[in-house]
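Encoded as structure tokens, the structure appears first; notes follow it.
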Amino acid sequence: MTGVLVVLTGSATNIMSYTHTFNKEYVGVGEIHSKVKEARVKSAMKELTGEIYQRPPVRSAVSRRLRTREIFYFDLLEMKDRRFLFKVGTESGTYVRKLINDLGLLLRTGAHMAELRRTIDGPFVEQDAHSMWDVAASLELYQRNGDDSLLRKIFLPVENAVATFPSIYIKDSAVASVCHGASLAVGGISSFEEPIAQHEIVAIKSLKGELVAMGRANKDSSALAADKTGMAVAVERVVMDRNLYPKMWR
Amino acid sequence: MLEGVRKSQKTRKLIVREESEPSWEYGHNPRSRPVDLLMNLATVVLDKQKGPTSHDVVATFKRLIKIDRAGHTGTLVI
């Protein structure tokens with residue numbers, strides 16, 4: 001497989017369990033085992049759109065229990081003889097190779113995947129992706145001339161990786177305690193992005209927009225706005241260096 | 001098309017509970033974080049080529065950064 005591979009560095013790796021849940025888009029080449037009309041392929045793809053059942057393949061890292069995954073779209077881009085080019089938008093954890101095999105079953109001809117390229121991973125698209133050479137060049141430019149312009153185009157702030165989660169901005173006085181793993185109390189909140197559902201994963205940020213931690217909302221947006229006291233967010237993963245902000249609790 | 005996959009990235013409304021001013025004595029604007037801090041708190045979107053596995057790519061990436069940040073032991077894991 002080729003394409004978008006999101007890498008987190010240093011303490012940004014603490015948020016990996018959240019970035020794993022990103023939806024993905026792939027473009028790939030499939031091969032049908034005997035000749036089929038384009039219209040039939042299209043209608044089989046339509047049938048495989050929406051909620052589908054998948055059993056993870058024998059060689060996989062997860063439990064092989066039957067599970068459901070959502071296919072947002074599954075389009076035929078081009079077809080020539082038995083080979084076809086497709087684009088598919090999937091929920092994370094969808095096995096595209098399996099999906100193409102299922103397409104072959106529906107067509108009653110069999111089919112397999114020949115090539116696959118990831119074009120979107122959550123908030124990141126193919127156009128954002130850089131080669132290892134770009135990374136090397138950016139480091140060299142910075143080391144040689146102190147020019148960080150290219151480096152900053154490649155090393156994006158960790159905050160970009162959690163752009164899909166609602167943010168809760170907290171007062172400076174609450175930052176250090178959250179960094180030490182304390183729950184966030186409603187009194188520590190300055191503002192937040194609506195809507196937030198109870199138990200939804202949220203990004204706790206400083207007033208400057210720095211990611212402090214990821215956590216699970218204990219209240220929905222209306223309670224977060226109105227409640228005078230209580231726990232707002234249960235902190236799950238701290239990202240910020242705990243010594244960056246001064247301790248302000250007594 | 002993209003919306004299907006990126007549907008959770010809708011524009012959200014900001015609700016202010018209590019106005020508060022940030023202090024500039026500590027912390028940084030994420031976009032102007034000093035380079036040494038940024039490199040240990042970053043997202044890098046790589047374009048993986050055919051051949052090496054994702055694991056290999058990350059290993060190469062880690063090695064590349066380590067060489068350039070000689071003397072530092074910034075952990076870089078995927």
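Data overview
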read-out: Per residue Cα convex hull volume in Å³ - calculated over region A:165-238; value: 68 Å³
read-out: Cα long-axis angle, helix A:96-107 against chain A (0 to 90 degrees, to the nearest 10); value: 30 degrees
read-out: For region A:149-163, Karplus couplings with θ = phi - 60° (6.51, -1.76, 1.60), whole Hz, Gly/Pro x; value: 4, 6, 4, 6, 7, 9, 8, 7, x, 3, 4, 4, 6, 10, 4
read-out: Tilt relative to chain A, helix A:132-145 - C-alpha long axis, 0 to 90 degrees, to 10; value: 30 degrees
read-out: Region A:165-238: relative contact order in percent, alpha carbon pairs under 8 Å with at least 6 residues between; value: 37 percent
read-out: Counting all C-alpha pairs of region A:120-206, share separated by more than 18 Å (%); value: 60 percent
read-out: Principal axis dimensions, region A:23-121 - Cα atoms, whole angstrom, descending; value: 36, 26, 22
read-out: Relative contact order, percent, chain A [alpha-carbon distance under 8 Å, six or more residues apart]; value: 19 percent
read-out: Long-range HN-HN contacts of A:Val212 with modeled amide H, under 5 Å; value: A:Ile204, A:Lys205, A:Ser206
read-out: Helix A:38-47 vs. chain A, principal-axis angle (Cα, 0 to 90°, nearest 10); value: 40 degrees
read-out: Compactness of chain A - radius of gyration and Dmax, Cα, Å; value: 22.6, 75
read-out: Amide H contacts of A:Ala232 (H built 1.01 Å from N, under 5 Å, at least 5 apart or other chain); value: A:Leu184, A:Ala185, A:Val186
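Read-outs throughout are calculated quantities, based only on the coordinates presented, and are distinct from any laboratory measurement. From a predicted model like this one, the values you see are computed outputs, not experimental measurements.
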